[in-house]
Amino acid sequence: MAPVVIPVLADKSIPTYVYDDSLVLGNMMLAAHSLGLGSCWIHRANYKCTSMCRHCCYSCSPKWPDDYMTSAVADEVFYILRSLGCYHVHIGGGEPLIKPDKILDVLDAARKNNIEIEYIETNSSWYRDETSTNAILKELKDHGVNTLLISIDPFHNEYIPF
């Protein structure tokens, strides 16, 4: 099955929320329903990113506020997706793991709504040392994440300090 792209843009109470996402979401819900697709993509857990890649069509960067999708918004989105027959999602950002504790709330909302996380896309900027990285990876695994898609390319490599 082909994935359905559904942008979820932060929280309506936060200034970075994009207010026209309801039109996109509505169109994508109709497409998902009519095509019977079971995989969806939540692309924006946040806009803040440690990189400022020239190719980023969302202009994610360190300049964005430290906002993050709330658990209430994630719960609402996953409930809607599940009611439309979406059973799997991909989570991206900005950098979704810039605040590992916040992604756990989103993952809890996915689990509550019986949504499987296909993968989380990351530039791995949160890596500091083996011990802290293993702790984050264990939390992700405990929350049902089995795959990370790590962005390694010339655009991201400009921002990797090691």
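Quick notes
- Of all the residues in region 83-123, those that are within 17 Å of Y58 (Cβ to Cβ) and assigned to a loop (DSSP other than H, G, I, E, B) number 8.
- In region 92-101, the condition of being at pLDDT below 75 and more than 12 Å from the chain's Cα centre (by Cα) is met by no residue.
- Evaluation of E95 against (1) surrounded by 14 or more Cβ atoms within 10 Å (Cβ to Cβ); (2) among the acidic types (D, E); (3) more than 16 Å from Y47 (Cα to Cα) (one fails), failing number: (3)
- Selection over region 90-108 of residues that are more than 22 Å from W64 (Cβ to Cβ) and hydrophobic (A, V, I, L, M, F, W, C) gives a count of 0.
- Residue list for region 45-82, filter: part of a helix (DSSP H, G or I) and either acidic (D, E) or out of contact with any Cys (no Cβ under 8 Å at 6 or more places or on another chain) (or both): S71, A72, V73, A74, D75, E76, V77, F78, Y79, I80, R82
- Subset tally (residues that are of a type in the set (V, I, T) and out of contact with any Pro (no Cβ under 9 Å at 6 or more places or on another chain)) for region 90-129: 4
- Residue satisfying all of: in region 120-137; of a type in the set (A, V, I, L, M, F, W, C) and modelled with pLDDT of 90 or more; surrounded by the most Cβ atoms within 10 Å (Cβ to Cβ) among these: I120
- Among residues of region 138-162, those that are modelled with pLDDT of 90 or more and in a helix (DSSP H, G or I), counted: 5
- Some residue of region 100-119 being of a type in the set (K, R) and crowded, with 18+ Cβ neighbours inside 10 Å: yes
The values are calculated or read from the model by the stated rules, or taken from the named source; none is laboratory data. Worth saying up front: this structure is predicted, and the values here are computed from it rather than measured. In this analysis, Cβ positions are derived from the backbone assuming ideal geometry, glycine residues included, and neighbour counts consider all displayed protein chains.
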